[in-house]
Amino acid sequence: MAASPEPSAPADAGLWQALGWTPTDDQLAALVDLQEQLRLWNCRVNLTRLVEGDDFWIAQVFDSLWPWVPLLTAPGGVPDGLELIDVGTGGGFPGLALAIALPTARITLVDSVGRKLEAVRAMARSLGLEGRLRLRCERVERTGRARDCRGRFDRAMARAVASAPVVAEYLVPLLKPDGLALLYRGQWGADDQRDLEAAVGVLRAKVDPVQRRDLPAGRGVRHGLWLRPAGPCPAAYPRAVGVPQKTPIAPGAQASAPGA
Ligand SMILES: C[S@@+](CC[C@H](N)C(=O)[O-])C[C@H]1O[C@@H](n2cnc3c(N)ncnc32)[C@H](O)[C@@H]1O
């Protein structure tokens, strides 16, 4: 096998300055290890094309962490023992980056593709994260109905998984009453906002003010949409496997959906 390139540390401290949060030496070492693990496993399982240089440090690490900076830098510190869930984690982002940035959090990673999750499990084990991680190989529509997951999470997140109304239906049922769901989005406009608000209303949740961020090095604009429950999520959601994707909750849908 050809020798793998040396792990590249992030270009300079300016990356962290731009982010507004700086990892400790141990966290930085873990992120460098994560890149090495990703290289290793990406050769065996097609996880991601974003592995080298800025693709990793900006499009994976920075992009995973930026919406969390207010929590990471909260004056009172990050609460211990937060329960997080990353839905459609694929090659482990944003979940593994969060596991490194939040050293007391417990994180559940969900994906329906077993070979990806096995690679993520191996990466997590090598990084010493396994004790705080739980992996579920299943469709998230099932996760949202599982007794040990529904209503159990302080934070739920999904990046690059489906349209915003579909992801809202995946995430909101997983939240504790005071939990928050994060949708990572690229471009975001008034029509997107209208469609998301319609879906979120049906799920009995609300959309917080939108966060916006330009990634460094001209890597594009990102939006962070945080959702918070306004009441118990109707029992009808998430609907059966495949239904949210096939028939997203649309403007005009009633909050009292059948079976709710
Ligand atoms: C494009 S990848 C994104 C991976 C990662 N979140 C990222 O940002 O790099 C989407 C992942 O979501 C998973 N996925 C999509 N719909 C899902 C569902 N309903 N339940 C579980 N996993 C799902 C796919 O298997 C895939 O691994």
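Using a cutoff of 8 angstrom between alpha carbon atoms and counting only pairs six or more residues apart, the relative contact order for the stretch 171-250 works out to 39 percent. Among beta bridges identified by DSSP and lying wholly in the chain, the antiparallel ones come to about 40 percent.
Looking at the stretch 207-236, which trypsin sites (Lys or Arg not before Pro) are in a loop (DSSP not H, G, I, E or B) and have at most 14 other Cβ atoms within 10 Å? All intermediate terms of the calculation are to be shown ahead of the outcome.
Details: sites: Arg212, Arg213, Arg219, Arg222; in loops: Arg219.
For trypsin sites (Lys or Arg not before Pro) across the stretch 207-236 that sit outside H, G, I, E and B with at most 14 neighbouring Cβ atoms in 10 Å, the list reads Arg219.
Percent relative contact order of the chain, based on C-alpha pairs within less than 8 angstrom and at least six residues apart?
Details: 457 pairs, mean separation 39.9, N = 260.
Over the chain, the number comes to 15 percent.
Treating each Cα of the stretch 131-200 as one equal point scatterer and applying the Debye formula with no solvent, the log10 of I(q)/I(0) at q = 0.14, 0.24, 0.26, 0.28 Å⁻¹ comes out as -0.45, -1.14, -1.27, -1.38.
Determine which lysines satisfy two conditions relative to Lys206: a Cα distance under 28 Å, and not lying fewer than 8 residues away in the same chain. The reachable lysines, counting only those whose Cα sits under 28 Å from Lys206, are Lys176, Lys246. When the square roots of the Cα gyration tensor eigenvalues are ordered a ≥ b ≥ c, the ratio a/c for the stretch 121-169 is 1.5 or more and a/b exceeds b/c, which makes its shape prolate. The Cα atoms of the stretch 50-172 give a gyration tensor whose axes a ≥ b ≥ c have a/c under 1.5, which makes the shape rounded.
Averaged across orientations, what area in nm² does the convex hull of the alpha carbons in the stretch 14-60 project?
On the way: hull surface 13.3 nm².
Here the figure is 3.3 nm², rounded to one decimal.
Computed over the chain, the per-residue total of -39500 (n - 2.57) for DSSP H runs of n ≥ 4 gives a 222 nm mean residue ellipticity of -8500 deg cm²/dmol, rounded to 500. Compute the Cα gyration tensor for the stretch 43-86, then decide on rounded, prolate or oblate, letting a ≥ b ≥ c be the square roots of its eigenvalues: rounded whenever a/c is under 1.5, prolate when a/b is larger than b/c in the other cases, and oblate in all that remain. Since a/c reaches 1.5 but b/c is at least a/b, the shape of the stretch 43-86 is classed as oblate. With the convex hull drawn over the C-alpha atoms of the chain, the volume per residue is 125 Å³.
Candidates Leu117, Leu34, Pro94 compared by Cα position along the dipole of the chain: farthest toward the positive end lies Leu117, with charges placed on Cβ.
We did not get these values from a lab; they are worked out from the coordinates using the rules stated. In this text the structure is predicted, and so the values were computed from the model without any measurement. Glycine gets a Cβ as well: all are built from the backbone with ideal geometry, and neighbour counts include every protein chain shown.
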